[in-house]
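Step one of this worksheet: look at the structure below.
The values are calculated or read from the model by the stated rules, or taken from the named source; none is laboratory data. Predicted, not measured: the structure shown is a model, and the values here were computed from it. For neighbour counting, all protein chains shown are included, and Cβ atoms are generated from backbone atoms with ideal geometry for every residue, glycine included.
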Protein chains: 2
Amino acid sequence: MSAASALDYLASHRARIVDELIDYVRVPSISADPAHRADMGRAVEFLVAQLRRIGLEHVEVLPTAGHPAVYADWLGIPGAPTILVYGHYDVQPAAPLDAWSSPPFDPVIRDGKLVARGGSDNKGPHFIPLKVAEAYLATTRKLPINVKFLIEGEEEIGSRNLEPLVSANREKLAADFVLAADGARWRIDLPAVNFASRGIVALEATLTTADRDVHSGRYGGTIANALHLLARLVATLHDAGGRIAIAGFYDDVRAPDPAERAAMAELPFDEAAYLAGIGATTAVGEAGYSTLERQWLRPTLDLNGMWGGYTGPGSKTAIPAQAHAKISCRLVADQKPARVVELIRQHLELHCPAGGRIELRWGGHGTPAYVMPSGHPGLTVAERVLHELYGRAPKRVRIGTTLPVSDMFKRVLGLDTMLFSFSTADEGFHGPDEFFRLQSFEDGLRAWTRYWEILGGLSPGSFDRFRCHAA
Amino acid sequence: MSAASALDYLASHRARIVDELIDYVRVPSISADPAHRADMGRAVEFLVAQLRRIGLEHVEVLPTAGHPAVYADWLGIPGAPTILVYGHYDVQPAAPLDAWSSPPFDPVIRDGKLVARGGSDNKGPHFIPLKVAEAYLATTRKLPINVKFLIEGEEEIGSRNLEPLVSANREKLAADFVLAADGARWRIDLPAVNFASRGIVALEATLTTADRDVHSGRYGGTIANALHLLARLVATLHDAGGRIAIAGFYDDVRAPDPAERAAMAELPFDEAAYLAGIGATTAVGEAGYSTLERQWLRPTLDLNGMWGGYTGPGSKTAIPAQAHAKISCRLVADQKPARVVELIRQHLELHCPAGGRIELRWGGHGTPAYVMPSGHPGLTVAERVLHELYGRAPKRVRIGTTLPVSDMFKRVLGLDTMLFSFSTADEGFHGPDEFFRLQSFEDGLRAWTRYWEILGGLSPGSFDRFRCHAA
């Protein structure tokens, strides 16, 4: 059995493989900081050298308007499933440096954890499939499936050049689905597969009452104050029970599955600790739903910013003629960003108090919610692998945040994206003392090896019913 | 008759007097701008030289922690009424210069108007009593009453050193009342005396929901958003009819006098022009009151600023943990600033939505409304003078803004303040092309001459019932 020999290989080369990961993590490939431009190049060189040494074909650097992506493939089994492995070689800035227990780019192993910037997000997790490919090729001269790697360099700065790159390389990137080495496990003590994320749409509203700010003595009490009107207006966006009060807002929201709600009710979740962790005193939200349901299953509308009038020190007795609000919604299936913007517009215009007029600014962008189809092999194989690995069936969980790449791969390539990362949500991704558990690295190597093996046994038609037309 | 000779003197020296005013206005005495420190000194020298040449006694420069004030007196009739004349020699900055039709400190006379920064606010108006004193002294060697001048240099930057100065000079500044050459006539086409102004109190409220801003994906829909809570909270400050909904807020508000309301209803007031002037579409305010009543007779509560979360370009999907509001109230008699702050505090704490806590910041300052007592000679003499001058009884009007010096003179010296300025509200005080009507200058010279003459005929006991103990 080919997986067995690959696993033996990984076990016997363990120390060298961890050393290689340490070398990779040592490169301060901070995409946000122009001072690290040369380091971005060093990370690309490291990846290219690795992919070539492993024995992958067509290793190439794909330029973008910003930092390049690295591509490689092995397509030796025509007719077998083809996966596109996604990851990113860029990392977050490390500042403030004095908050770190050890230098961020001088990796150390402490209590079974590799402590370094980028260890968990995302070099450790995407180094796993590289080493799994190496193990298969070294022991069997082939992989169980066809594999394409796409490792980008701008995830931490919004992946702004990824969609043009993917659009321009549709044929090269064609596959049965995307297996992402990015994302994070919900928690370390609970085997789980993440099958859904919320979408997002963001806009800005401006309420105007007059041509200019006026003196609060001369005009106070006689004309509309833009801040009063905007406060009253945004207060209408939710009802007293915390439900979004915009007409039609929930029309496209897929009703939660009672079975999923029952399963969620059994998930261990410490609400008191969740609140205490951010210094909040009270769980707040849509009536009739638990905190976890509100986070995973329900859409939101949040003011991310609001301002108007004088905001400096001391006082200024002017009545503001304009007030502004930044509004964003987390979306669930089957809400469409443009439709949600239109409903918000209608609500704001309808409820704008007398004396004010409202204008909306929306860039035309948005990301719908993403849900991996229930029976998709990418998902069911992951569940089978984790069940074997941990000896119990993994839970299906969602994530409240938005993963724009999942939506982008669906739109541009017509592919679903399965998150199969072995980082964990508590590993301090964007903060000091980021770490990656070596046990997770170990688990990941075993899991990806087995995943590819099982996938290689599927018939080529297994993905047909999930394939859709790309945009 | 001494007034007649003084008026003759003023008429025959008219051209020279206007030239002197032009010289005075030519000095760019901008108190806010350290670059004009020497010009502030030049304005002081001009005033001192004028006061000495006129023949006033005890001309002195009173230093403060900032710009000095100029004091002078003539106390030659023991037992006669004594007035304290107030004005200010500092002016507003002139920027933006390109909005001016002619250079702000190069005075020109155009269509009977002296166009220059400071012409109307306040050099022209307080130059009038100087020239009236000159006329009386030149023609009769005495004034009809005792006069003290206090011309300060920091009115345009908040008169911050005036109260300490007045407190330290209580005996020097003792008088029967203050006759202020500052303020402004409501409009040019309606003779009026201003007898009341609103007070003010300002504070800042901060609403906190958590220790820090959190990710709107991870926490959205589950915890309180400080901006939502503050918007809902401030929306409770007024009822649907525009009345302030704070319990007890109107308890100390003196009920409007029906006779005054009836008189106000007959004042010509073009509401459409008032709104169009600032680009507002709708009059808004407390139900049951006209726009003018709302501006003069009723207290207000305005948000002067509100902010929270991200206010820069683009979007940031964080849920703000803090939101802030700057709140100010215009007060009417008999509201006390500290009591109003306490009522606001109680309201905000009582209505703060679950999940938020509110903190108030108040510097401990405030100015109550000011009302000149109805039968005060300072007021009735002004009415008599204007009736004679314009041939019809002047209206009694109020002003919606706050005149802290009136309150300060009352608190520190126990004196009422009568506003007797001949500037007009439309003369562009703080904007470009500020101007002062030469006809107003002429009217002012005649009015102040007659005012002093009538005052000189009053018995010394006329002010006894209006005198109160200073703080």
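Just checking, which of A:ARG232, A:ARG261, A:ARG243, A:ARG212 is among the charged types (D, E, K, R), out of contact with any Ser or Thr (no Cβ under 6 Å at 6 or more places or on another chain) and more than 14 Å from chain B (Cβ to nearest Cβ)?
A:ARG261
Only residues that are out of contact with any Leu (no Cβ under 7 Å at 6 or more places or on another chain), surrounded by fewer than 19 Cβ atoms within 10 Å (Cβ to Cβ) and at the interface with chain A (Cβ under 8 Å from one of its Cβ atoms): list them for segment B:283-294, please.
B:THR291
Answer yes if at least one residue in segment B:167-183 is at pLDDT below 95, within 14 Å of another protein chain (Cβ to nearest Cβ), over 15 Å from B:ALA72 (Cα atoms) and in a loop (DSSP other than H, G, I, E, B), and no otherwise.
Checking segment B:167-183: at least one residue is at pLDDT below 95, within 14 Å of another protein chain (Cβ to nearest Cβ), over 15 Å from B:ALA72 (Cα atoms) and in a loop (DSSP other than H, G, I, E, B).
Among the residues of segment A:41-57, which ones are in contact with an Asp or Glu (Cβ under 8 Å, 6 or more places away or on another chain) and either at pLDDT below 95 or crowded, with 19+ Cβ neighbours inside 10 Å (or both)?
A:ALA43, A:PHE46, A:GLN50, A:ILE54, A:LEU56, A:GLU57
Is it fair to say B:ALA247 is of a type outside the set (S, T, N, Q), surrounded by 19 or more Cβ atoms within 10 Å (Cβ to Cβ), touching a helix residue (DSSP H, G or I) at 6+ places or on another chain (Cβ under 9 Å) and within 30 Å of B:ARG357 (Cβ to Cβ)?
No, not satisfied.
So, A:SER440, is that one more than 18 Å from the chain's Cα centre (by Cα), in the same structural domain as A:PHE105 (by TED's automatic domain parsing), small (Gly, Ala, Ser) and surrounded by 18 or more Cβ atoms within 10 Å (Cβ to Cβ) or not? Let's see the steps before the verdict.
Details: more than 18 Å from the chain's Cα centre (by Cα): yes; in the same structural domain as A:PHE105 (by TED's automatic domain parsing): yes; small (Gly, Ala, Ser): yes; surrounded by 18 or more Cβ atoms within 10 Å (Cβ to Cβ): yes.
It is true that A:SER440 is more than 18 Å from the chain's Cα centre (by Cα), in the same structural domain as A:PHE105 (by TED's automatic domain parsing), small (Gly, Ala, Ser) and surrounded by 18 or more Cβ atoms within 10 Å (Cβ to Cβ).
If A:VAL340 meets every condition in (1) more than 7 Å from chain B (Cβ to nearest Cβ); (2) within 21 Å of A:ALA196 (Cβ to Cβ); (3) without any contact (Cβ under 8 Å) to a residue 12 or more places away in the chain; (4) within 24 Å of the chain's Cα centre (by Cα) apart from one, which number is that one?
(3)
Hand me the list of helices (runs of 4 or more DSSP H) wholly inside segment A:1-95 holding 1 or more residues that are farther than 24 Å from A:VAL115 by Cβ and among the aliphatic types (A, V, I, L, M).
Details: elements: A:2-12, A:14-25, A:37-54.
Result: A:2-12, A:37-54.
With at pLDDT 95 or above, assigned to a loop (DSSP other than H, G, I, E, B) and not assigned by TED's automatic domain parsing to the domain that holds A:LEU438 as the only criterion, which of A:ALA210, A:ALA205, A:ALA240, A:ALA231 stands out?
Just one listed residue meets the conditions, A:ALA210.
For segment B:184-202, give me each residue that is within 14 Å of chain A (Cβ to nearest Cβ) and in a loop (DSSP other than H, G, I, E, B).
Once the filter is applied, which keeps residues that are within 14 Å of chain A (Cβ to nearest Cβ) and in a loop (DSSP other than H, G, I, E, B), segment B:184-202 yields B:ALA184, B:TRP186, B:ARG187, B:ARG198.
Just give me the residues in segment A:276-306 being among the small types (Gly, Ala, Ser) and within 24 Å of A:ALA196 (Cβ to Cβ), in sequence order.
A:GLY277, A:ALA283, A:GLY285, A:ALA287, A:GLY288, A:SER290
Quick one: count up the residues across segment B:419-470 that are of a type in the set (Val, Ile, Thr) and in a strand (DSSP E or B). Before the answer, list the steps.
Taking segment B:419-470 first, the residues of a type in the set (Val, Ile, Thr) are B:424, B:449, B:454.
Among the residues that remain, those that are also in a strand (DSSP E or B) are: B:424.
So the answer is 1.
Taking the residues in segment B:213-227 that are assigned to a helix (DSSP H, G or I) and touching a residue at least 12 places away in the same chain (Cβ under 8 Å) as candidates, determine which candidate is nearest to A:VAL332 (Cα to Cα).
First, the residues of segment B:213-227 that are assigned to a helix (DSSP H, G or I): B:216-219, B:226-227.
Within this subset, residues satisfying the condition of being touching a residue at least 12 places away in the same chain (Cβ under 8 Å) are B:216-217, B:219, B:226-227.
On the way: B:SER216: 14, B:GLY217: 12, B:TYR219: 15, B:ALA226: 24, B:LEU227: 23 Å.
Here the residue is B:GLY217.
Out of (1) part of a loop (DSSP other than H, G, I, E, B); (2) more than 7 Å from chain B (Cβ to nearest Cβ); (3) among the hydroxyl-bearing types (Ser, Thr, Tyr), the odd one out for A:TYR274 is which?
(1)
I'm trying to understand the selection: among the residues of segment B:359-370, which are within 13 Å of chain A (Cβ to nearest Cβ) and among the aliphatic types (A, V, I, L, M)?
B:ALA369
If you go through segment A:261-277, how many residues are without any contact (Cβ under 8 Å) to a residue 12 or more places away in the chain and within 30 Å of A:LEU343 (Cβ to Cβ)? Full working, then the answer.
First, pick out the residues of segment A:261-277 that are without any contact (Cβ under 8 Å) to a residue 12 or more places away in the chain: A:262, A:266, A:270, A:272-273, A:275-277.
This time we only want the ones that are within 30 Å of A:LEU343 (Cβ to Cβ), so: none.
Counting residues in segment A:261-277 that are without any contact (Cβ under 8 Å) to a residue 12 or more places away in the chain and within 30 Å of A:LEU343 (Cβ to Cβ) gives 0.
State the number of residues belonging to segment B:83-129 that are more than 16 Å from the chain's Cα centre (by Cα), under 21 Å from B:ALA181 (Cβ atoms) and modelled with pLDDT under 95.
0
Looking at (1) in contact (Cβ under 8 Å) with a residue 60 or more places away in the chain; (2) within 7 Å of another protein chain (Cβ to nearest Cβ), can you tell me which one B:VAL332 breaks?
It is condition (2) that B:VAL332 fails.
Restrict the check to segment B:392-403 and report whether at least one residue is touching a helix residue (DSSP H, G or I) at 6+ places or on another chain (Cβ under 6 Å), within 28 Å of B:LEU10 (Cβ to Cβ) and not assigned by TED's automatic domain parsing to the domain that holds B:ARG345.
Yes: segment B:392-403 contains one or more residues that are touching a helix residue (DSSP H, G or I) at 6+ places or on another chain (Cβ under 6 Å), within 28 Å of B:LEU10 (Cβ to Cβ) and not assigned by TED's automatic domain parsing to the domain that holds B:ARG345.
Sort through A:GLY153, A:GLY118, A:GLY112 and tell me the only one that's crowded, with 23+ Cβ neighbours inside 10 Å and on the phi > 0 side of the Ramachandran plot. Lay out the reasoning, then the answer.
Details: A:GLY153 fails: on the phi > 0 side of the Ramachandran plot; A:GLY112 fails: crowded, with 23+ Cβ neighbours inside 10 Å.
Only one candidate passes the filter, namely A:GLY118.
Taking the criterion of being within 7 Å of chain B (Cβ to nearest Cβ), free of Cβ contacts under 8 Å to residues at least 12 places away in the same chain, more than 20 Å from A:LEU403 (Cα to Cα) and touching a Pro at 6+ places or on another chain (Cβ under 9 Å), would at least one residue in segment A:295-317 satisfy it?
Checked against the condition, which is being within 7 Å of chain B (Cβ to nearest Cβ), free of Cβ contacts under 8 Å to residues at least 12 places away in the same chain, more than 20 Å from A:LEU403 (Cα to Cα) and touching a Pro at 6+ places or on another chain (Cβ under 9 Å), segment A:295-317 yields at least one hit.
Could you grab me the full set of residues in segment A:386-418 that are within 14 Å of chain B (Cβ to nearest Cβ), outside any helix (DSSP H, G or I) and within 22 Å of A:ARG467 (Cβ to Cβ)?
Across segment A:386-418, the qualifying residue is only A:LEU403.
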